[in-house]
Amino acid sequence: MYSTAVLCLGLLASLAQGAAFNKHAALEDCLSGSSTLVDEVGSDDYNRDITPFNKRLQFLPAAIAVPTTVEQIQSAVACGSKLGYKVTAKCGGHSYASLGLGGEDGHLIIELDRMNSVKLDTETNIATVQSGTRLGHLAAELFAQGNRAISHGTCPGVGISGHVLHGGFGMSSHSRGLALDWVKGMEVLLANGSLIHTSATENKEVYWGLLGAGSNFGIVTSYELDTFEPPANVTWFVASVPLKQNTTVAALEGIEDYVRNTMPSELNMRLYATRQFTQLEGVYQGNKTELEAALKPLLSKIGGTLAASQTTTWIKGLEHFATVKLNQTYPYNQVQEQFYGKSLELTGLNGTAAKNFADYWFNVAKQETAHWYIQMDFHGGKNSAVWKADPDLTSYAHRDKLYILQFYISTTDTPETGFDFVNGWASATTSALKASDWGMYFNYPDTQLNRTKAQEMYWGKNLPRLQKLKAELDPNELFYYPVSVSPETSPELL
Ligand SMILES: Cc1cc2nc3c(=O)[nH]c(=O)nc-3n(C[C@H](O)[C@H](O)[C@H](O)COP(=O)(O)OP(=O)(O)OC[C@H]3O[C@@H](n4cnc5c(N)ncnc54)[C@H](O)[C@@H]3O)c2cc1C
Ligand SMILES: *[C@@H]1O[C@H](CO)[C@@H](O)[C@H](O)[C@H]1NC(C)=O
Ligand SMILES: *[C@@H]1O[C@H](CO)[C@@H](O)[C@H](O)[C@H]1NC(C)=O
Ligand SMILES: *[C@@H]1O[C@H](CO)[C@@H](O)[C@H](O)[C@H]1NC(C)=O
Ligand SMILES: *[C@@H]1O[C@H](CO)[C@@H](O)[C@H](O)[C@H]1NC(C)=O
Ligand SMILES: *[C@@H]1O[C@H](CO)[C@@H](O)[C@H](O)[C@H]1NC(C)=O
Ligand SMILES: *[C@@H]1O[C@H](CO)[C@@H](O)[C@H](O)[C@H]1NC(C)=O
Ligand SMILES: *[C@@H]1O[C@H](CO)[C@@H](O)[C@H](O)[C@H]1NC(C)=O
């Protein structure tokens, strides 16, 4: 009996292995019969393309297709769909959870970073941008082609797609809104193989879903972006804020009042802290005299001082925060970090919540010697363009929040300690908050959430509508990843 059972299991295992082998061979066949190029395992391209930003989360794809045309994207996706593979678009590869590699092993990856053309129409000031473009290349081209810009995050290697499809906040967002607020139209390849155009008037529901939860509904192939003329000069700055345990709650309440009511639209700013220092940093769209006047009421209230500032050109202002060259294109060598991070989007941080946050900071974080930081983006407020934009046009669920608060720790030594450190701080912060006062930002995703919780956190009140759209557009979950929007389960089936 015993040996028979072992034999049977062995036979089943080898049958299963054989089936997986045949399925994989069929995928390779299909891809090579299509017009798409595929990265050869072990090649320089392959090694670059499977390198995630977060070294903690390396996944092994079934194959990496590297299309250079929309037809090639279509034929590669059709292979995955026909043969039962999960298909994942990868743009800049900067997801904290390596979601550009599928967030798990075995996906067919559509690597888009060879498709990075940016064409500005200087009559309409609308730019047509391929979906594999990195932010720094986008900024450099918009400026070079016609002195134009959009608002976006600071890292030039980040891809436009992950960024604009889920938010996109940076050093011009208080003045000019989220990156996704500049997207006027998109071409998208759906799970059923159709390529459709979406805008606020055409395939409106798909447009709504893509701008906030875009990784769930298809592969965007290009964007039409509205643009603005950037100010000729900006002033970047750093102000040091030496907080103590007994002054932090008052400082946070001072900051909150300022961000909510006073912070001028020209000012873009975040609070950044490590174990060693705490500072405000940002960019003012104007000169130093104006910056000083804008900061004065805040700095005098919380006891900060302007430590450094410089007036410079728009492009040099972007380069200051980029820290590397702006114009990032293929071939791109991914810089890696090994870390655990997560984010909270908060309607405010005052009273008991601020006290709990500050106590963890001084009692726990100040003793933690592994490299960590927190970053609080001043996202909302009365004068913020993020708050002024129409909340119903996109599925970005946290437009009403005042802050994006990110927690980050290097996990080179022990990931488990890092998980506890970050989760302890985040839950101390939220323990006294109502559920409606917080959520999380998909672009700083938390790898320790299950799918149910993650969907609630990222998409909040928009989730039921997104799940309905998922059921319509991708019921078989071709574009699945571990925390993707699940298709609505109809009540009759329960
Ligand atoms: C160093 C660094 C700095 C950052 N700075 C900022 C910042 O200042 N502000 C900010 O808001 N965020 C910032 N981020 C977060 C960044 O916005 C997100 O990580 C973003 O999702 C990355 O996009 P990507 O295209 O590079 O990532 P990828 O890993 O390639 O993709 C991310 C997700 O988008 C999906 N996707 C990619 N292309 C497509 C497509 N064409 N169609 C549909 N889905 C697609 C992927 O499948 C995946 O789910 C930063 C991240 C890093 C690592
Ligand atoms: C950016 O780099 C690409 C590739 O090297 C180059 O073709 C392009 O002209 C550069 N663009 C700008 C604005 O410098
Ligand atoms: C695919 O779905 C879209 C959106 O629902 C629809 O417009 C299109 O006709 C469908 N294409 C096919 C081939 O069924
Ligand atoms: C905070 O504590 C310090 C001593 O550590 C004390 O000198 C200071 O007066 C206190 N400040 C406030 C606002 O309570
Ligand atoms: C700064 O800008 C203001 C308003 O535009 C202007 O009045 C002032 O002269 C400028 N100051 C400097 C030092 O350039
Ligand atoms: C302000 O911008 C102009 C135009 O881009 C540039 O020529 C000038 O050098 C800038 N001033 C400073 C102080 O950088
Ligand atoms: C305090 O924080 C709560 C919860 O985030 C928020 O709703 C409220 O508006 C804040 N109050 C003030 C005065 O800023
Ligand atoms: C998901 O996580 C939440 C807490 O974060 C927990 O309450 C819930 O039971 C979990 N759900 C599943 C299906 O594991």
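Kindly list the number of the only condition in (1) on the phi > 0 side of the Ramachandran plot; (2) surrounded by 19 or more Cβ atoms within 10 Å (Cβ to Cβ) that fails for TYR207.
Every condition holds for TYR207 apart from (1).
Out of PRO230, PRO264, which single residue is modelled with pLDDT of 95 or more and more than 16 Å from ligand 2 (Cβ to nearest atom)? Outline the logic, then answer.
On the way: PRO230 fails: more than 16 Å from ligand 2 (Cβ to nearest atom).
Of PRO230, PRO264, the one residue that is modelled with pLDDT of 95 or more and more than 16 Å from ligand 2 (Cβ to nearest atom) is PRO264.
Would segment 232-249 turn up any residue that is surrounded by 15 or more Cβ atoms within 10 Å (Cβ to Cβ), charged (D, E, K, R) and away from ligand 8 (no atom under 16 Å from the Cβ)?
no
Please work out which residue is nearest to SER151 (Cα to Cα), limiting yourself to segment 229-253 and to residues that are more than 16 Å from ligand 6 (Cβ to nearest atom) and assigned to a loop (DSSP other than H, G, I, E, B). Show your work before the answer.
Start the filter on segment 229-253 by keeping residues that are more than 16 Å from ligand 6 (Cβ to nearest atom), which leaves 238-253.
Remaining after also requiring assigned to a loop (DSSP other than H, G, I, E, B): 241-247.
Values: VAL241: 27, PRO242: 30, LEU243: 31, LYS244: 34, GLN245: 35, ASN246: 37, THR247: 34 Å.
Going through the qualifying residues, I end up with VAL241.
Against the definition (free of Cβ contacts under 8 Å to residues at least 12 places away in the same chain, among the β-branched types (Val, Ile, Thr) and surrounded by fewer than 21 Cβ atoms within 10 Å (Cβ to Cβ)), how does THR289 come out, yes or no?
On the way: free of Cβ contacts under 8 Å to residues at least 12 places away in the same chain: yes; among the β-branched types (Val, Ile, Thr): yes; surrounded by fewer than 21 Cβ atoms within 10 Å (Cβ to Cβ): yes.
Criteria met by THR289.
Going through segment 412-427 one residue at a time, which ones are of a type outside the set (Ser, Thr, Tyr) and assigned to a loop (DSSP other than H, G, I, E, B)?
Residues of segment 412-427 that are of a type outside the set (Ser, Thr, Tyr), as a first pass: 413, 415-416, 418-426.
Scanning segment 412-427 gives a single hit, ASP413.
Quick check on this structure: which one of ARG260, ARG270 is touching a strand residue (DSSP E or B) at 6+ places or on another chain (Cβ under 6 Å) and either under 21 Å from LEU405 (Cβ atoms) or away from ligand 1 (no atom under 16 Å from the Cβ) (or both)? Steps first, answer last, please.
Working: ARG260 fails: touching a strand residue (DSSP E or B) at 6+ places or on another chain (Cβ under 6 Å).
Exactly one residue qualifies, and that residue is ARG270.
Could you please let me know if VAL220 is in contact (Cβ under 8 Å) with a residue 40 or more places away in the chain, over 27 Å from LYS90 (Cα atoms) and buried (at least 22 other Cβ atoms within 10 Å of the Cβ)?
On the way: in contact (Cβ under 8 Å) with a residue 40 or more places away in the chain: yes; over 27 Å from LYS90 (Cα atoms): no; buried (at least 22 other Cβ atoms within 10 Å of the Cβ): yes.
When the stated conditions are applied, VAL220 does not pass them.
State which residue is nearest to ligand 6 (Cβ to nearest atom) when the search covers only segment 424-465 and only residues that are of a type in the set (A, V, I, L, M, F, W, C) and crowded, with 23+ Cβ neighbours inside 10 Å. Before the answer, list the steps.
Step one: of segment 424-465, the residues of a type in the set (A, V, I, L, M, F, W, C) are 425-426, 428, 432-433, 435, 438, 440, 442, 449, 454, 457, 459, 463.
Narrowing the set further to residues that are crowded, with 23+ Cβ neighbours inside 10 Å leaves 425, 438, 440, 442, 457, 459.
Values: TRP425: 39, TRP438: 40, MET440: 38, PHE442: 35, MET457: 42, TRP459: 41 Å.
That would be PHE442.
Among GLU416, GLU472, which is away from ligand 8 (no atom under 16 Å from the Cβ), over 21 Å from the mean Cα position of the chain (by Cα), charged (D, E, K, R) and more than 24 Å from ASN192 (Cα to Cα)?
The conditions single out GLU416.
The values are calculated or read from the model by the stated rules, or taken from the named source; none is laboratory data. As the structure is a computational prediction, the values presented were derived from the model and not from experiment. Every residue, glycine as well, gets a Cβ built from its backbone with ideal geometry; the counts of neighbours run over all protein chains shown.
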